[in-house]
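What follows is a single structure, written as structure tokens, with notes after it.
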Amino acid sequence: MSKPLEVVNAVLDAGFEGLGPLCSATGLADEYLRDARYANHEARIDSLIHWETGKLFTTGFLSGLGGLLTLPVSLPAGLGVSWAVQARLVGAIARIHGHDVEEDRVRTLTLLAIVGDIGKEVVKQAGIEVSQQLGMRALEAVPKHALSGINRAVGFRLVSKASQKGVVNLSKVVPLAGGLVGGAVDALACRAVGATARRLFSPGPVSVPVPGMSPG
């Protein structure tokens, strides 16, 4: 497996499974699905994005998680953790909209949400023509090896930009890759990722039953 692909898999696994005191993406989503105060999934996602990005304003939040994620390549401290926190948010949004975070398409779209507009270029360079808005439905006919190719390309972009440009310049090229440029920037980056994830995963083709409740 290539190093860029190892990097994105490590980031996705950490985000989806939970990192340190943070529960898994599925566990986070299920907390919101169980909460009857929300009128619909959009209200749940609004609250989810608000509270999760709010955490990033806390001084030392990412640095406190910094020793919990081991990546196969050297990246600026905290950068991989920032991506993992963003992946957790995206995974929770996908789950709320009825998707399984273990599904290959969900993993690929999570990476595309993290890199934002650059994701469009990655998909195009992978030779995949998307005739409709990019999302779960648009990737239905894409074979698994092609999804892996997209993941690898995203990983290459993240690793190369991190090593060549440094964190400050990276934040300009890949604005969703915050990390070391302050809590406010981290929070804004995560909020942007959440907004992209909302677009990529909604509407979900499958409904998820609210945990603890019987189907109606």
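Taken together, the values in this text are just the output of simple stated rules run on the coordinates, not laboratory data. In this text the structure is predicted, and so the values were computed from the model without any measurement. Note that we place each Cβ from the backbone using ideal geometry, even for glycine, and neighbour counts take in every protein chain shown.
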Using R₀ = 30 Å, calculate the FRET efficiency as 1/(1 + (r/R₀)^6) where r is the Cβ-Cβ separation of residue 73 and residue 42; round to 0.05. 0.20
For the range 1-44, state which trypsin sites (Lys or Arg not before Pro) are in a DSSP loop and have at most 13 other beta carbons lying within 10 Å of their beta carbon. 37
Pairs from 124/144; 55/120; 3/55; 55/124 whose Cα-Cα separation, in the structure shown, is over 26 Å: 55/120; 3/55; 55/124
Between residue 100 and residue 144, what is the label-to-label distance in nm when each label sits 7 Å out along the Cα-to-Cβ direction? 1.2
Can you give me the distance in nm between label points at residue 117 and residue 55, each placed 7 Å from the Cα along the Cα-to-Cβ direction? 2.9
